[in-house]
Each structure stands twice: as structure tokens, then as C-alpha cells.
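Participant: This is the structure I want to talk about, given as C-alpha cells.
None of the figures in this text is laboratory data; all of them are computed from the coordinates on show. None of these values were measured; they are calculated from a predicted model. With ideal geometry, Cβ positions are generated from the backbone for all residues, glycine too; neighbour counts draw on all protein chains shown.
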């Protein structure tokens with residue numbers, strides 16, 4: 001553990017050291033500073049990423065548990081996804097969800113549920129959700145879910 005700490009301190013010292021022109025003395029330091037990806041900052045991720053799709057499913061399951069609708073809703077489209085490394089992974093999603101033909105009382109798998117086609121029953125909502133995933137604990141939490 002001490003070796004890793006010393007290595008980190010040496011790298012930090014390298015980045016703070018500059019030559020007579022004020023430029024960084026190590027190419028490694030300037031590349032790290034200009035990489036654009038910073039630990040802990042949200043990063044755009046593909047909307048068809050398996051982790052994104054799993055997070056979207058957890059969002060819609062929370063929605064289904066929080067509403068009095070007699071039909072289940074299912075995610076139809078993820079339009080934007082960000083991921084942030086924070087003691088696990090925090091997904092920030094823009095998700096479109098739609099009412100299905102499956103009733104809540106039947107407890108079906110959502111994958112087997114079709115979307116409503118009847119104009120009277122069809123309903124689509126746009127949601128923003130944050131899903132916190134801790135893979136090593138097999139834990140999923142949805143602390144933020146806003147749909148309109």
C-alpha cells in the first residue's frame with residue numbers, strides 16, 4: 001500500500017514541476033491533464049450498453065411499484081445515458097417508458113409484455129432516472145426518478 005501512495009505522490013510532484021518556460025516537464029503529466037476524462041465525473045455511455053439497459057429496467061420496476069396504474073410499464077427507448085464511478089456505478093438516464101398490455105396482478109416478466117396499441121390505453125412517459133449500482137453487492141438503488 002505504501003508503494004502505491006509513494007508512486008502517486010511522485011506523479012503529483014512530476015506534474016507540479018515545470019521547466020523555465022512554465023511548461024510541464026513530463027509528457028505523461030500534460031496528457032493526463034488534457035485527457036478530458038476525470039475520475040468521478042459523469043461520462044457519456046452508449047444507450048445500448050448492457051449496464052444502461054439493466055439500469056433502465058430497474059428504473060421502470062421502481063416506477064411500476066410506485067404507481068396505482070393497473071398495467072405495467074416498460075422501457076421503450078433510452079435517449080441519453082451517463083455513467084459516473086462513485087463507490088460503484090451511478091447511471092443517469094433519459095428513458096421513455098410505455099404502458100403495456102400486462103396487468104400488475106399477473107406478475108409477468110416485462111420482456112413478454114407488449115406495448116398498448118389502443119389509443120384509449122396507450123400512454124408514454126419521459127423519465128429522468130439515477131440508478132446506483134454496486135456490482136460486488138448485487139445492489140441496485142433508484143434514488144431519483146422523475147416522469148412526465
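Participant: Compactness ratio of the range 43-147: Cα Rg over 2.2 N^0.38 Å, N = residue count?
Facilitator: Numbers: Rg = 13.8 Å, N = 105, 2.2 N^0.38 = 12.9 Å.
Against the compact-globule rule of thumb, the ratio is 1.07.
Participant: Then there's this: With the cut-off at 11 Å, report for the range 75-118 the share of all Cα pairs above it, as a whole percent.
Facilitator: Cα-Cα pairs in the range 75-118 separated by more than 11 Å: 72 percent.
Participant: Moving to a separate point now. Extending each Cα 7 Å along its Cβ direction at residue 105 and residue 41, get the distance between those two points in nm, one decimal.
Facilitator: About 5.3 nm separates the two model spin labels.
Participant: Less than 13 Å from a label point 7 Å out along the Cα-to-Cβ axis of residue 117: which backbone N atoms in the range 72-105 qualify, by residue?
Facilitator: 101
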